[in-house]
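One structure is given here, and the rest of the page talks about it.
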Amino acid sequence: MDRALREARLAAERGEVPIGAVIVGPDGAILAAAGNRTEEMRDPTAHAEMLVIRAAAAQLGAPRLVDCDLHVTLEPCPMCAQAISFARIRRLYWGAADPKGGGIEHGPRIFDQPTCHHKPELYPGIAEAEAGELLRAFFRERR
Ligand SMILES: [Zn+2]
């Protein structure tokens, strides 16, 4: 999660919403790390989670990230939650809760839907204070 927080800080420096994500492979090595790049890439789907899923899948040469774990600084949105399910992520760790945009414990609760065929093990609230403070500081500055 330290690496994910670092990616979130780097995203903030680029003017992106400070969210960072990391995928750890079956052997415990980091396969991919990224922060949000929606502004830079002019891509509304370039959330940190989507970028690490794409990068890890490319690296493994497989569309399913079996026995891989994803760490992200904020509760994933519905799009990313569904992508995490499609990717067959084993364990999902996240930092701050996102009552406004989250899709796991809030909103559509993607993993609880009958249309969701893979639910990772969930570990919310990891380094929650730091992850939340990064976001609050970013939006304070913007106002
Ligand atoms: Zn997302």
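The numbers here are math on the coordinates, done by the rules we state, and not lab data. The structure displayed is predicted, hence computed values, not measured ones. Neighbour counts are summed over all protein chains in view; Cβ atoms, including those assigned to glycine, are modelled from backbone coordinates with ideal geometry.
If you average the sequence gap of Cα pairs under 8 Å that are 6 or more apart and divide by the length of the chain, what percent do you get for the contact order?
Across the chain, relative contact order equals 21 percent.
Quick one: if the Förster radius is 35 Å, what FRET efficiency do residue 66 and residue 10 give, using the C-beta to C-beta distance and rounding to 0.05?
It comes to 0.75.
Given 0.36 nm per residue, what is the gain on full extension from residue 139 to residue 3 after removing their alpha carbon distance, in nm? Display every interim value, and only then the final one.
Values: separation 136, 0.36 × 136 = 48.96 nm, distance 2.16 nm.
Gain on stretching residue 139 to residue 3: 46.8 nm.
Return the long-range amide H neighbours of residue 31 (sequence gap of 5 or more, or a different chain), with a cut-off of under 5 Å between placed amide H atoms.
23, 24, 25
How large is the helix-only mean residue ellipticity at 222 nm for the chain, computed as the sum of -39500 (n - 2.57) over DSSP H runs with n ≥ 4, divided by its residue count, in deg cm²/dmol to the nearest 500?
Result for the chain, helices only: -11000 deg cm²/dmol.
Where nothing but the Cβ of Lys and Arg (+1) and of Asp and Glu (-1) is charged, how large is the charge dipole of the range 1-138 around its Cα centre, in debye to the nearest 20?
The calculated dipole for the range 1-138 is roughly 320 debye.
Within 10 Å, count the other beta carbons around each residue, average over each peptide in 106-114, 91-99, and list them highest first.
Values: 106-114: 14.2, 91-99: 20.8.
Listed from highest to lowest mean packing, they are 91-99, 106-114.
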